[in-house]
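Chemist: Provided herewith is a single structure, encoded as structure tokens, for subsequent inquiry.
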Amino acid sequence: MERAINDFITTLSAQRNSSANTIGAYTTDLRQLLDFLTQRGVTDWREVRPEHISGYVAHLRERRYASTSVARKAAALKSFMHYLLRKRALDEDPTLTLTTPKVEKGRPLVLAPEETQRFFRFVGTGGPAGQRDFAMLHCLASTGMRVTELVMTDVDDLDLARGHIRCKGRGGRVRTLPLSLAAQHALAVYLGDGRHDLAHSSEESALFVNHHGQRLTRQGFWLIMKQYARAAGITHVTPHTLRHSFALDMLGKGADLRTVQGLLGHANISTTLMYAQMNRAKSEAAVGGVASEQPDTVAPLSESIELLLQPSVH
């Protein structure tokens, strides 16, 4: 059964539109399904029945998985079962009656300025791991990079002399992003100290490495971020929280939509419009006296934002 999953993942990897995130998520989801079936005595995919599938979905809900996670896992197992049907490894589709949970798309979660400051205060920089984490989080906060883009950066992508980092985005698109002074300092400390202790080989190209000296994964970053969020008492955090906060902060400071689109690496500006709508709603609430006042002295993201805004404001 494991071999069938591996063959499916290999096929998925060969497809041009399958991202590393999709492949990683499908691998995790299908192995979780396999564990569930194995514990119930299923030893062949031909033995899987609709009641097994419905039982698995009920199991996910009992474990309080979010609707978005359940929907993704359901999509993964549907794709896999359709693959097995094409390969004649199944006689019938056990997901035929499976209904995908409805997912209401909510607004992205962002951090208020004081939450961002509190979040960073809980990152200890006394050891190598703390220096890495502080540098990573500042890098995200000052550039709006995706987490996947962050963990895929190499040491050679960083240019501290110019205060830039090269970001390899979706579709092979590369963009150069300015780093805040705080991020530059944190990265310089990490490169000069912490990374030397974490990287066991001089041949490792990854900028951010784990305690094994290998490239940090997206999942590894998420565990780290959740740890600091929990310590800071912040519950509304996702892997993209700092990215969302960056986008909203830039628009709030007057950046035009095209500038934000370019920095975030959105192929379509309609994706960026979501932040413009959030910023407009926030501004209207503030004018109406609904929003709580935020001190102007708090600058949760990057000093480089100010530099970016100068040529962008009309």
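Chemist: Residues of segment 278-306 being over 24 Å from Arg166 (Cα atoms) and either in contact with a Lys or Arg (Cβ under 8 Å, 6 or more places away or on another chain) or modelled with pLDDT of 80 or more (or both), which ones?
Modeler: Within segment 278-306, Met278, Ala291 meet the criteria.
Chemist: While we're looking at this one, here's another question. Quick check: is even one residue across segment 112-134 of a type outside the set (A, V, I, L, M), in the same structural domain as Thr238 (by TED's automatic domain parsing), in contact with a helix residue (DSSP H, G or I) (Cβ under 6 Å, 6 or more places away or on another chain) and closer than 25 Å to Thr28 by Cβ?
Modeler: Yes, because at least one residue in segment 112-134 is of a type outside the set (A, V, I, L, M), in the same structural domain as Thr238 (by TED's automatic domain parsing), in contact with a helix residue (DSSP H, G or I) (Cβ under 6 Å, 6 or more places away or on another chain) and closer than 25 Å to Thr28 by Cβ.
Chemist: While we're on this one: Could you give me the residue pairs with C-beta distances under 7 Å whose first residue belongs to segment 71-97 and is in contact (Cβ under 8 Å) with a residue 60 or more places away in the chain and in a helix (DSSP H, G or I), whose second residue is surrounded by 16 or more Cβ atoms within 10 Å (Cβ to Cβ) and of a type in the set (Gly, Ala, Ser) wherever it lies, and which are 6+ apart or on separate chains?
Modeler: Leu84/Ala4
Chemist: Now, a different point. Does Arg40 meet the test of being within 29 Å of Pro108 (Cβ to Cβ) and not assigned by TED's automatic domain parsing to the domain that holds Leu216?
Modeler: No, not satisfied.
Chemist: Pairs under 6 Å by beta carbon, first residue assigned by TED's automatic domain parsing to the domain that holds Arg173 and on the phi > 0 side of the Ramachandran plot in segment 7-21, partner at pLDDT 70 or above and not hydroxyl-bearing (Ser, Thr, Tyr), six or more apart or different chains?
Modeler: none
Chemist: I've got another one for you. Taking into account only those residues within segment 95-128 that are among the hydroxyl-bearing types (Ser, Thr, Tyr) and surrounded by fewer than 16 Cβ atoms within 10 Å (Cβ to Cβ), which is modelled with the highest pLDDT?
Modeler: Thr97
Chemist: Checking the structure you have, find out if any residue of segment 29-44 is out of contact with any Cys (no Cβ under 7 Å at 6 or more places or on another chain), among the aromatic types (Phe, Trp, Tyr) and free of Cβ contacts under 8 Å to residues at least 24 places away in the same chain.
Modeler: Yes; the residues of segment 29-44 include at least one that is out of contact with any Cys (no Cβ under 7 Å at 6 or more places or on another chain), among the aromatic types (Phe, Trp, Tyr) and free of Cβ contacts under 8 Å to residues at least 24 places away in the same chain.
The values are calculated or read from the model by the stated rules, or taken from the named source; none is laboratory data. Not measured: the values here are computed from a predicted model. Glycine gets a Cβ as well: all are built from the backbone with ideal geometry, and neighbour counts include every protein chain shown.
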